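The values are calculated or read from the model by the stated rules, or taken from the named source; none is laboratory data. This is a predicted model, so every value here is computed, not measured. In this analysis, Cβ positions are derived from the backbone assuming ideal geometry, glycine residues included, and neighbour counts consider all displayed protein chains.
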Amino acid sequence: MTTTPLGCDNTVEKVDGSSSASTGMNGSSSSGASTSDMCSGAASIEGDGAGCPCGVDMCGFCEACEPCMTTADCKSPTGVAKCVHGDHQCGKGSAGECLEFPPGDCPGVGPRVCLCDGGVNTLDCASAFGFDVSDDLAPCVGGTFACGDETCADFVEYCVEVTGESSSHQCVPAPPACSTGIADCSCVDEPGGMCSIDMNDQVLVQYFAP
C-alpha cells in the first residue's frame, strides 16, 4: 500500500511508459506504482525523483519542465537546460520554455546582443547555445570599464586609444549602425583603427600615431 500525498489523486501513466492502478483521496492505491500531482498534472514515479528531468514538486512528483520564469526552474540529467523567453523580456513578460543545449563555446560572428544575465554575445551564438536575449539593455548597462584615464559605460560605449608621441583616450557611444545598442567591431566605423574585443568583452579601437 502506498499513501498518496495530500492534494494528489488520480493515478496516471508512469514516466517510464508503463501503466499504474488508480488511487483515490482515501490515500490508498491498489498497486502503489505512481500518482499525479493535482497542481501540475505531471506523472512521476514515487521515490527520489529519478526519471524527473525537471525535479520534483511539493507532492514528490515530477515538476513540469515548462513554462519557466528563470533557468533555475529548469533541471536536466542529460544536458544543460535553460529557460528561453521568446519575447526577449527575461521573464518579466510571458513565461519561457525549458530547452536543452549542448555545453561549449561558440565562435559566432555578427551583431552582439544584450543577454538577460548581463553579458553579451552574438545573436547566432545566443540562438545556438540557449542564451536568453534581452531587448531592453537594462541588464547590460550600469557598469563601467577603464579606457586609459577615462571611464566608459559598459557595452554601449567603446574605447578609442591613440598611442605614439602623444597619447589619448576617448569614450565613444555605440553608433546607430550597432542596431542592438551594443558596440561591436562589425558596426563601429573607425577607418584606420584596429578594432578588437578585450578580455572583458569591451570594444577597443587603437590608433598608432607616428
Report task. Go over the candidates Cys83, Cys125, Cys90, Cys98 one by one and state the one that is assigned to a helix (DSSP H, G or I), surrounded by 13 or more Cβ atoms within 10 Å (Cβ to Cβ), at pLDDT below 90 and under 14 Å from the mean Cα position of the chain (by Cα). Result -> Cys125
Query raised in the report: List the pairs whose first member sits in the range 170-182 and is assigned by TED's automatic domain parsing to the domain that holds Tyr158, whose second member is among the hydroxyl-bearing types (Ser, Thr, Tyr), and whose Cβ atoms are under 8 Å apart, counting only residues at least 6 apart or on separate chains?
Result: Cys171/Thr151; Cys171/Tyr158; Val172/Tyr158; Ala174/Tyr158
Query raised in the report: Looking only at the range 150-170, which residues are part of a loop (DSSP other than H, G, I, E, B), modelled with pLDDT under 95 and either within 24 Å of Val113 (Cβ to Cβ) or in contact with a strand residue (DSSP E or B) (Cβ under 9 Å, 6 or more places away or on another chain) (or both)?
Result: Gly164, Ser167
Report task. With respect to Ser134, determine if the residue is hydroxyl-bearing (Ser, Thr, Tyr) and exposed (fewer than 13 other Cβ atoms within 10 Å of the Cβ). Result -> no
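Can you spot a residue in the range 165-173 that is among the charged types (D, E, K, R) and farther than 27 Å from Lys82 by Cα?
Within the range 165-173 (the criterion being among the charged types (D, E, K, R) and farther than 27 Å from Lys82 by Cα), the answer is yes, since at least one residue qualifies.
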Query - Options Phe145, Phe208: the member that is of a type in the set (Phe, Trp, Tyr), more than 15 Å from the chain's Cα centre (by Cα) and over 30 Å from Gly91 (Cβ atoms) - result: Phe208
Report task. Look at the range 101-122 and say how many of its residues are more than 17 Å from Asp201 (Cα to Cα) and surrounded by fewer than 15 Cβ atoms within 10 Å (Cβ to Cβ). Result -> 3
